[in-house]
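Worksheet: the structure to be examined is printed underneath.
What follows is calculated from the coordinates using simple rules that are stated; it is not laboratory data. This is a predicted model, so every value here is computed, not measured.
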Amino acid sequence: MISADTASLVPALAGGAAIGSFLSVVAARLPPLMLESAHGRPSVSNLVKTLSWPSSHCGSCKTPLSWRDNVPVLSYVLLKGRCRHCQAAYGARYVLLELSCVAAAGLCVYWFGWTAQAWLCFSLLAVLLTLTAIDIRDMLLPDILVLPLLPLGILYQTLYGEGAMNAVLGAALAFLILWAIGTLYRLARHQNGLGGGDVKLAGVLGAWLGLSQVPFFLIAAFASGTIIMSWSLLRQRSSSDTPLPFGPFLALSGAAFVLFPQLTAVLRDLLAF
């Protein structure tokens, strides 16, 4: 792996902030558009229109934001997270997505240098962060964000893994495992336990990881989800029937295993022990 020096990280961090700012708009505007569209699939023209208009504005007073109030991260800090005009709080959701994209861009360039691998990994992380933000609030994993990751995953395995067939088999295995678990849960409990978006996201991440890593990636995702659900139950913040978005756990586990493939060996040793 090629490490970038500190100076070369500056454009990566700036680019991450700009992309994070755009993705925060996607996370805010895409779910309502999906709910309004037939079958949850907006047309390209409606998608472009929704993401480009109206311009960024305060959600409370609807005042358009000037460029100085729309600088990623910096404007939020200087304005203390409030609208300059009505003083309504913006909430931390958008700036957290921006900061996460900054960190993701910096990590990828530091880890892989200015290479195609860095760009591919950042693309994955940026989309996973956006999906996480959407799933936590809206319990949705839009196909328009999930499915484009599949060809990128096949490309990633072709260039840096064990080949395109390994990616296809990994995608199929992850998809089938999640589909089977979801089907069994539905038959046993007479309600959905996993959404179709979860199944598709697992399959897409299986392409990035390849066949051998899929079981361990899914074990880690289910383990982290179980821990959070148990913690929430113990604190009496939810009941066993309260829906818990599973996309964030798939995203976290998938990203971790893509960036740190040695986790497979670590988890294999732990399970063997």
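Observations, loosely collected:
- Estimated vicinal HN-Hα couplings, Hz - segment 181-194 in sequence order (Karplus 6.51, -1.76, 1.60; Gly, Pro = x): 4, x, 5, 5, 5, 5, 5, 7, 9, 6, 7, 6, x, 10
- Placed amide H near Arg82: partners under 5 Å, 5+ positions off or other chain: Tyr90
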